[in-house]
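Below: the structure, in structure tokens.
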Amino acid sequence: MSAPRVVLIGPPGAGKSTVGTLVAELLGVTFRDTDTDVETETGSVIADIFVDQGEVAFRRLERAAVRRALTEHPGVLALGGGAVLDADTRRDLCSQHVVFLDVSLADAARRVGLDTSRPLLLGNVRGQLKQLMDARRPLYGEVASVVISTDGREPADIAGEVVRTVRGTGPAGEHRP
Ligand SMILES: Nc1ncnc2c1ncn2[C@@H]1O[C@H](COP(=O)(O)OP(=O)(O)O)[C@@H](O)[C@H]1O
Ligand SMILES: O=C(O)C1=C[C@@H](OP(=O)(O)O)[C@@H](O)[C@H](O)C1
Ligand SMILES: [Mg+2]
């Protein structure tokens, strides 16, 4: 059993997967992303899981992937943007060092606008993003140890700030506000 050094949360386009990879390099640990875990386990890409099995099934797979990663991954862990919707996941995150990568609607829409891999955003990217950001903001805030704004910043700069929060903490959870 081993807990991640840091767990990254935040809306789609916050840069969890991009920044998480850089944070892992800086810390000299491995990077894991629960979206990738779900895809590996099912042999399907997320867009296809949503079409073939629906969102409820995806959330079940995601919940299991998060639980597994929280107990066995000792490096940097990025969650999918909707993982915090699950109450059990939020409870599990309370004992972790969790960094909420925050992003404005404008920057998030610019970053994910042309990418078709996020089924929840298809059709009306800004409208869907606004709706899910409004609904989830309290949940991100509830489990975050630290909030870092990513607007207008380079991933490397953000990764450096994440690392400083990791190094400034002792055992998981000590850095909570
Ligand atoms: N700080 C940033 N500034 C500009 N573009 C970014 C930044 N962080 C990530 N991106 C880009 O935004 C897109 C979404 O990033 P990703 O890491 O997949 O976000 P998430 O995992 O939070 O959904 C990618 O194309 C990535 O290159
Ligand atoms: O916000 C969401 O509900 C989702 C975010 C995605 O991950 P990213 O936040 O890494 O884009 C992925 O898990 C799936 O498309 C659902
Ligand atoms: Mg991601």
Yes or no: Leu132 assigned to a helix (DSSP H, G or I) and under 25 Å from Thr36 (Cβ atoms)?
yes
The condition from (1) over 21 Å from Val51 (Cα atoms); (2) within 16 Å of ligand 3 (Cβ to nearest atom); (3) not basic (Lys, Arg) that Gly82 misses is numbered (1)
If we ask which residues in the range 103-130 are open to solvent by 40 Å² or more (accessible area, probe 1.4 Å) and within 11 Å of ligand 2 (Cβ to nearest atom), their number turns out to be 8
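One line per residue, one yes/no per condition, for (1) within 16 Å of ligand 3 (Cβ to nearest atom); (2) in contact with a strand residue (DSSP E or B) (Cβ under 6 Å, 6 or more places away or on another chain); (3) closer than 22 Å to Arg164 by Cα:
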residue	(1), (2), (3)
Ser2	no, no, yes
Lys16	yes, yes, yes
Thr21	yes, yes, yes
Phe31	yes, yes, yes
Asp35	yes, no, no
Val38	yes, no, no
Gln53	no, no, no
Val56	no, no, no
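The values are calculated or read from the model by the stated rules, or taken from the named source; none is laboratory data. As the structure is a computational prediction, the values presented were derived from the model and not from experiment. Note that each Cβ is placed from the backbone with ideal geometry, even for glycine, and that neighbours are counted across all protein chains shown. Please note that ligands, DNA and RNA were not included when accessible areas were found on the heavy atoms of the full protein model with its side chains. Shrake-Rupley method; radii C 1.70, N 1.55, O 1.52, S 1.80 Å.
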